[in-house]
Structures are given as C-alpha cells and as structure tokens.
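S.K.: Starting off with a structure, shown below.
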Amino acid sequence: VVEAYKQGLRPAVGYELNPWLLCLSNYRAWKAGYRGKVSFLKKDLWKANLSDCYNVIVFLAPSVKPPLAAKLLAELPDEARVVAGRFPFPSWTPTSTLGQGLEQVWAYDMKEVRRVAPSSAEGSPV
C-alpha cells in the first residue's frame, strides 16, 4: 500500500482481517513516514465493494484466486488494473509481468481480461 502511494495511486487503502498484520502494516507505514497518507482497514475483502477501485494489489494463496477472480470480474470497472504477487490468477492472461520467483508479479488490465477470456467470468480455471 505504501509503494502504491509512492507510485502516485490515490487513495492507497489496504484491507486486512488479521489484527496483528493490521497493526504491523500501520506501524510500518508510520515508521516510513506515511501515517495519514495511507490507510489500513480491518475489513473483509469479500464484503468490500470494489466497484470504485481502479488499482487492486493482492498477495493471496492460489486457492483463493478463482473465487477472487469472479468477484473482481463482477465488480471492477474495465479501466481497473489488478496486480497479483507471488501467484498468478490461473485463468487470466497477464498484460505484463515483472520479476521472477517469489518476487514475481503479474499485472492484469480488466478490459483485456474480459476481452481475452470471457469464459473465465465464473473465475474457474480453464
């Protein structure tokens, strides 16, 4: 979230349910000098409405990606970009990738995801 803010993405908000990770995130933002500029909320991603989000960054296990793909396809606008760290979305074709191994990320532009893989609307792997 801090890096997203540094790259000019506003607002920069993170959702976390684990109270320890939430506290750690807020501490790290404060220590880096970004207190009040970024936000970390104790909120369930599955209950959040993402329809007004244009940049989504996720670091989640592979088992969560198919249901999350369905949520993102249903809620995000065509202009949105999704960046996945560590594990790609199994049924989506990335617009670009960066890094390798544990440092690899995959970027997906929602308009392109919808154009290339309309059959993945349910979020299930092909």
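All of the numbers you see were taken from the coordinates with simple rules; none came from a lab. Keep in mind that this is a model prediction, so the values were computed, not measured. With ideal geometry, Cβ positions are generated from the backbone for all residues, glycine too; neighbour counts draw on all protein chains shown.
S.K.: What number of lysine-lysine pairs in the chain show an alpha-carbon separation below 16 angstrom, given a sequence spacing of 8 or more or placement on distinct chains?
M.R.: Summing the qualifying lysine pairs gives 6.
S.K.: If every alpha-carbon in the chain counts as one equal scatterer, what log10 I(q)/I(0) does Debye give at q = 0.15 1/Å?
M.R.: -0.72
S.K.: Helix 65-75 against the longest principal axis of the chain: what's the angle in degrees, Cα atoms only, rounded to the nearest 10?
M.R.: The two axes meet at around 90 degrees.
S.K.: Another one. Give me the net charge for the shell around Trp92: Cβ to Cβ below 11 angstrom, other residues only, Lys and Arg +1, Asp and Glu -1.
M.R.: Details: positive: Lys65, Arg114; negative: Asp109, Glu112.
Value of the local net charge: 0.
S.K.: Where is the GNM fluctuation largest for the chain (alpha-carbon springs, 10 angstrom cutoff): Pro77, Pro19, Pro88?
M.R.: In this elastic network of the chain, the residue with the biggest mean-square fluctuation among Pro77, Pro19, Pro88 is Pro19.
S.K.: Please check: in the Gaussian network model of the chain (C-alpha springs, under 10 Å), which one of Leu102, Leu72, Leu60 has the largest mean-square fluctuation.
M.R.: Leu102
S.K.: Run the helix sum for the chain: -39,500 (n - 2.57) per DSSP H stretch of 4+ residues, divided by residue count, reported at 222 nm to the nearest 500 deg cm²/dmol.
M.R.: Here the helix-only value at 222 nm equals -8000 deg cm²/dmol.
S.K.: Contour minus end-to-end for Arg10 and Lys42, with contour as 0.36 nm per residue of separation and end-to-end as the Cα-Cα distance? Please report the intermediate quantities before stating the final value.
M.R.: On the way: separation 32, 0.36 × 32 = 11.52 nm, distance 1.88 nm.
Contour length minus Cα-Cα distance gives 9.6 nm.
S.K.: Given a Förster distance of 25 Å, report the FRET efficiency between Glu79 and Leu24 from their Cβ-Cβ distance, rounded to the nearest 0.05.
M.R.: With a Förster radius of 25 Å, E is 0.20.
S.K.: Residue by residue through the range 22-28, which ³J(HN,Hα) values in whole Hz follow from phi under the Karplus form 6.51 cos²θ - 1.76 cosθ + 1.60 (θ = phi - 60°), with glycine and proline marked x?
M.R.: 4, 5, 4, 4, 5, 4, 5
S.K.: The range 49-68 to the range 1-22: how many Å between their Cα centroids?
M.R.: Distance between centres, Cα-based: 13 Å.
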